[in-house]
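None of the figures in this text is laboratory data; all of them are computed from the coordinates on show. No experiment lies behind these values; they were computed from the predicted model shown. Quick reminder, even Gly has a Cβ in these numbers, built from the backbone with ideal geometry, and neighbours come from all protein chains shown.
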Number of protein chains: 2
Amino acid sequence: MTSSTAPAQPGSGALTRESIGRSARRLFARRGYAGASVRAIASEAGVDPALVIRHFGSKERLFLETVAIEGRFDDVISGPLDTLGGRLVESLLTEAPEITFSTWRAMLRATDSDLVRSRLIAAMEEMFIRPLSPRLSGPDPELRARLVAAAVSGLLDAVAILSDDLIVQATVEQLVRLYGPSIQVLVDG
Amino acid sequence: MTSSTAPAQPGSGALTRESIGRSARRLFARRGYAGASVRAIASEAGVDPALVIRHFGSKERLFLETVAIEGRFDDVISGPLDTLGGRLVESLLTEAPEITFSTWRAMLRATDSDLVRSRLIAAMEEMFIRPLSPRLSGPDPELRARLVAAAVSGLLDAVAILSDDLIVQATVEQLVRLYGPSIQVLVDG
DNA sequence: GGGTGTTGTCAACGCTGTTGACGTCCGGAC
DNA sequence: GTCCGGACGTCAACAGCGTTGACAACACCC
């Protein structure tokens with residue numbers, strides 16, 4: 001019998017772990033944290049639900065390890081300051097926007113969890129505040145950098161969570177032209 | 001015997017319904033949608049969990065009926081346009097901020113539910129976009145009004161969800177002075 | 001060949017939202 | 001007075017959830 005149970009090839013753990021991670025990424029992005037059940041993730045990965053917990057410890061940790069904000073805006077931020085607002089908006093809307101949006105949606109909705117919340121805070125600080133605030137001149141540079149991050153949050157909310165029709169259907173140029181100067185004011189101080 | 005079961009005074013339904021509503025408001029604000037269980041709400045109201053469903057139909061509808069965004073910014077928006085940005089920020093931060101913040105937090109986190117999501121969209125439209133967009137001159141008035149709403153979302157995110165320390169600890173005057181002009185740019189077009 | 005550790009399965013726990021059957025009381029009809 | 005209908009509330013149970021512990025199957029080391 002090839003058997004109904006498929007047991008234990010040592011070293012295969014990493015593979016199934018990765019397979020679980022892929023399914024988790026997909027389902028978390030599509031259905032959100034609460035909507036993606038451990039059982040559904042396990043089923044899509046062809047695996048027992050208990051194995052998911054065995055590999056990742058908990059659903060919360062699975063979420064944290066698979067759904068990560070990875071956006072890199074260093075290039076944008078290290079560019080010329082006087083056009084930063086527009087370039088930031090453009091970069092948000094064009095650079096891997098699906099991942100950015102679905103990740104933002106999933107993480108923000110899951111901020112019930114303190115771990116998710118602090119992870120999101122850390123990501124925002126690493127992506128925007130830390131690289132930006134030392135570049136700002138004038139008063140309250142860090143506070144202004146944090147308000148830039150807030151403005152970015154707002155745009156992400158509108159597109160990824162509220163799915164504001166007019167904003168979603170607007171061209172990138174329009175949004176750069178309109179929302180860019182709004183952020184630019186925070187940069188200029 | 002005063003009895004262990006307290007049965008059926010006709011007309012008392014409205015009272016217990018209201019009592020359930022109060023407990024729900026409290027627990028949803030404190031623990032969020034997922035964190036506040038129907039059983040906990042029922043227990044705090046001194047009531048059987050099934051009765052909660054009987055009165056409100058479902059947890060989702062209970063949430064929608066109890067946690068509502070009620071902010072009124074008509075006065076602010078109908079005031080002079082050239083100072084709208086600052087006045088809007090000030091109003092957001094001073095007018096019943098706890099309710100605004102905890103409601104924003106609870107609703108945004110619960111946008112997994114399409115009903116909650118569309119309710120939040122409707123609230124944003126009623127509070128900001130509908131009163132503001134007819135007052136804007138220049139190109140794309142409605143799109144700009146929606147971007148104002150996005151900027152507001154960003155500020156609410158920073159304060160209510162991410163709890164950005166520097167923003168929370170900043171004075172209202174500081175935030176009016178810094179974030180106000182950023183919104184003002186969208187108003188001026 | 002007999003441990004040892006990795007990989008995986010299975011049944012179960014306590015929790016969740018929700019439902020249907022069942023009481024229990026009040027107000028009105030006859 | 002008595003019976004009925006409906007409002008009000010309780011109770012036990014359902015399926016699904018995240019998670020756990022006991023157990024099986026295999027590869028490897030000695």
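Tabulated values for the structure
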| quantity | calculated |
| --- | --- |
| Position B:Glu98, label points 7 Å along Cα→Cβ, spacing to each other copy in nm (shortest first, one decimal) | 4.5 |
| Magnitude of the charge dipole, segment A:29-129, Cβ model with Lys/Arg +1 and Asp/Glu -1, debye to 20 | 560 |
| Segment B:55-84: GluC sites (Glu not before Pro) falling in loop per DSSP and having at most 12 other Cβ within 10 Å | B:Glu70 |
| Given charges at Cβ of Lys, Arg, Asp, Glu: the protein assembly as shown dipole, positive-most of A:Met124, A:Gly85, A:Pro141 | A:Met124 |
| Angle between chain A longest axis and helix A:141-156 axis [Cα atoms, degrees, rounded to 10] | 60 |
| Degrees separating the helix A:172-188 axis from the principal Cα axis of chain A, which is the longest one | 70 |
| Cβ nearest the rotation axis (B onto A), residue from chain B and distance to the nearest whole Å | B:Gly154, 1 |
| Relative contact order of chain A, defined on C-alpha pairs under 8 angstrom at six or more residues apart (%) | 24 |
| Dipole of the protein assembly as shown, positive direction: furthest Cα of A:Ser153, A:His55, A:Ile183, with charges on the beta-carbon | A:His55 |
| Other copies of A:Pro49: label-to-label distances in nm, shortest first, labels 7 Å along the beta-carbon direction | 1.7 |
| Helix-only CD estimate at 222 nm, as mean residue ellipticity for chain B, using -39500 (n - 2.57) per DSSP H run (n ≥ 4) | -20000 deg cm²/dmol |
| Ranked B:Thr83, A:Thr171, B:Thr16, criterion: other C-beta atoms within 10 Å, fewest first | A:Thr171, B:Thr83, B:Thr16 |
| Where trypsin sites (Lys or Arg not before Pro) fall in DSSP loop in segment B:25-119, at most 15 other Cβ within 10 Å | B:Arg72 |
| Two-site FRET efficiency, A:Ile99 against B:Asp114, from Cβ-Cβ distance with R₀ of 30 Å, rounded to 0.05 | 0.85 |
| Calculated label separations, B:Asp82, copies of the chain, 7 Å along the beta-carbon direction, nm | 2.7 |
| Kirkwood estimate for segment B:1-112, i.e. one over the average of 1/r between Cα atoms, Å | 16.1 |
| Calculated SAXS-style log₁₀ I(q)/I(0) at q = 0.11, 0.12, 0.14, 0.15 Å⁻¹ - chain A, Debye, Cα scatterers | -0.58, -0.66, -0.82, -0.90 |
| √(5λ) per eigenvalue of the Cα gyration tensor, the protein assembly as shown, largest first, Å | 37, 32, 17 |
